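See below for the structure under consideration.
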Amino acid sequence: MNVSIIGGGGLVGSCAAFALQAGGIVREIALVDVNQDLVEGQALDLLHGSSLTADQKIYAGGTELVKDSDVIVITAGLRRKPDESRLDLINRNVELFKNILADVKRVGTKPGAIVFVVSNPVDVLTYLAMKELGLPPQQVIGLGTVLDTTRLRSMLAARLDVPPTQVSTLILGEHGDSMVPIWSAAQVGGLPLDKFPGANPALIAEVEKKTRGSGAEVIKKKGGAGFAVGVSIADVVHCIALDQRRILPVSSLQDGAFGLRDVCISVPTVMGRSGVVQHLEIELWPKEQMALTQSGKVLRETVDKVLG
Ligand SMILES: NC(=O)C1=CN([C@@H]2O[C@H](COP(=O)(O)OP(=O)(O)OC[C@H]3O[C@@H](n4cnc5c(N)ncnc54)[C@H](O)[C@@H]3O)[C@@H](O)[C@H]2O)C=CC1
Ligand SMILES: CC(=O)C(=O)O
């Protein structure tokens with residue numbers, strides 16, 4: 001499995017590369033960035049530790065590297081400011097992103113390669129990538145609400161004082177202001193969250209609020225998210241590499257699940273070596289379904305406004 005990261009010199013790209021190196025599953029990690037010195041420095045820094053990790057090849061170079069990749073991760077782009085929504089970024093990131101897609105198209109991709117968008121606003125840019133690259137929709141995904149979901153699980157675990165891997169909660173919808181926590185399906189160690197000792201509506205509301213604001217909080221305090229998004233990206237890449245068929249809330253083109261159509265948004269998605277294997281639909285609480293419908297509408301309207 002050969003993975004390239006466009007934007008690999010930046011915070012998100014380099015943290016993803018480090019998580020992939022530590023994971024030891026992928027064989028080659030190629031970093032691509034317009035900032036040559038920075039990306040060469042990141043690749044060197046990773047390479048220097050490689051005798052202590054796994055037998056991987058790690059290197060930097062230009063966009064031509066993506067033609068040999070099984071997964072092309074795109075993290076290139078501008079960061080939002082703390083007071084800016086992810087959708088506000090669209091005006092600043094669309095042109096830059098279109099140029100990257102044109103470069104990828106010019107170089108060409110391997111048959112079956114997966115394009116994995118992380119740059120924000122991720123759902124809109126995933127849709128743009130799917131349209132511009134002309135790849136089958138199952139091969140184009142976005143990180144979607146994978147990061148929001150791990151933030152929610154991790155912070156809930158800390159508040160309940162339980163191991164984070166025992167918390168099973170999910171966020172669907174937009175990676176943005178209209179994200180939808182699915183409390184109807186929340187469990188801790190297989191037990192319903194609402195019956196779990198210590199869990200109560202006030203605590204749940206507090207963790208939800210913190211999760212919604214956590215991207216902005218991290219940007220304010222350290223400039224941008226790195227570690228959590230890095231491990232989130234690696235988790236999705238590993239699921240693809242090992243054809244694990246795990247259910248992940250990645251963003252992808254919808255064709256009817258939860259009533260969502262012609263929009264890239266997060267729903268429970270079975271992911272494997274070929275990309276999206278299946279979207280799974282479950283019955284939600286009516287208020288969750290309404291919020292998910294609204295989230296799809298927000299994204300559809302943005303796509304119409306920006307892409308025409
Ligand atoms: N989907 C998600 O959950 C998350 C998405 N993000 C998004 O990821 C993106 C990157 O964030 P950071 O890494 O913090 O920013 P950064 O500024 O640290 O890195 C961006 C990198 O992209 C490079 N770049 C710019 N134009 C390029 C081009 N045409 N080709 C190749 N490389 C290019 C820059 O040189 C820079 O190294 C932002 O859009 C941010 O909003 C960040 C965190 C979470
Ligand atoms: C930047 C961003 O999207 C986040 O940290 O959630």
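The values are calculated or read from the model by the stated rules, or taken from the named source; none is laboratory data. The structure presented is a predicted model; accordingly, all values stated were derived computationally and were not measured. Cβ placement follows ideal geometry from the backbone for every residue including glycine, while neighbour counts extend to all protein chains displayed.
Only one of Asp148, Asp123 is assigned to a helix (DSSP H, G or I), out of contact with any Leu (no Cβ under 9 Å at 6 or more places or on another chain), buried (at least 24 other Cβ atoms within 10 Å of the Cβ) and modelled with pLDDT of 95 or more. Can you tell me which?
On the way: Asp123 fails: out of contact with any Leu (no Cβ under 9 Å at 6 or more places or on another chain).
Result of the check over Asp148, Asp123: Asp148.
When both residues are 6+ apart or on different chains and their Cβ atoms are under 9 Å apart, which pairs have a first residue that lies in region 10-38 and is outside the structural domain of Ser50 (by TED's automatic domain parsing), and a second that is of a type in the set (Ser, Thr, Tyr) and within 16 Å of ligand 2 (Cβ to nearest atom)?
none
Would you mind finding the one in Gly112, Gly62, Gly142 that is more than 20 Å from the chain's Cα centre (by Cα) and among the small types (Gly, Ala, Ser)? Show your work before the answer.
Working: Gly112 fails: more than 20 Å from the chain's Cα centre (by Cα); Gly142 fails: more than 20 Å from the chain's Cα centre (by Cα).
Every option except Gly62 fails the conditions.
Which condition number in (1) closer than 25 Å to Ile5 by Cβ; (2) within 15 Å of ligand 2 (Cβ to nearest atom); (3) touching a residue at least 40 places away in the same chain (Cβ under 8 Å); (4) of a type in the set (A, V, I, L, M) is the one that Ile240 fails?
It is condition (2) that Ile240 fails.
Within region 191-215, track down each residue that is crowded, with 17+ Cβ neighbours inside 10 Å, assigned to a helix (DSSP H, G or I) and either away from ligand 1 (no atom under 14 Å from the Cβ) or hydrophobic (A, V, I, L, M, F, W, C) (or both). Show your work before the answer.
Of the residues in region 191-215, the ones crowded, with 17+ Cβ neighbours inside 10 Å are 193, 196, 199, 204, 207-208, 211-212, 214-215.
The next check asks that each one be assigned to a helix (DSSP H, G or I); those that pass are 193, 204, 207-208, 211-212, 214-215.
Passing the criteria: Leu193, Ile204, Val207, Glu208.
Within region 167-181, restricting attention to residues that are under 15 Å from Gly296 (Cβ atoms) and surrounded by fewer than 23 Cβ atoms within 10 Å (Cβ to Cβ), which residue is farthest from ligand 2 (Cβ to nearest atom)? Explain how you work it out, then say what you get.
Keep residues of region 167-181 that are under 15 Å from Gly296 (Cβ atoms), which gives 171-180.
Keeping just the survivors that are surrounded by fewer than 23 Cβ atoms within 10 Å (Cβ to Cβ) gives 177-178.
Details: Asp177: 11, Ser178: 14 Å.
Checked region 167-181; the qualifying residue farthest from ligand 2 (Cβ to nearest atom) is Ser178.
Of the residues that sit in region 82-103 and are touching a residue at least 40 places away in the same chain (Cβ under 8 Å) and within 10 Å of ligand 1 (Cβ to nearest atom), which one is farthest from Ile265 (Cα to Cα)?
So the residue we want is Asp103.
Taking region 36-80 on its own, how many of its residues are away from ligand 2 (no atom under 16 Å from the Cβ), under 16 Å from Asp103 (Cα atoms) and touching a Gly at 6+ places or on another chain (Cβ under 8 Å)?
Count: 1.
Among the residues of region 223-279, which ones are part of a loop (DSSP other than H, G, I, E, B), closer than 20 Å to Ser178 by Cα and away from ligand 1 (no atom under 14 Å from the Cβ)?
If the condition is that a residue be part of a loop (DSSP other than H, G, I, E, B), closer than 20 Å to Ser178 by Cα and away from ligand 1 (no atom under 14 Å from the Cβ), then Gly256, Leu260, Val267, Pro268 are the ones that fit.
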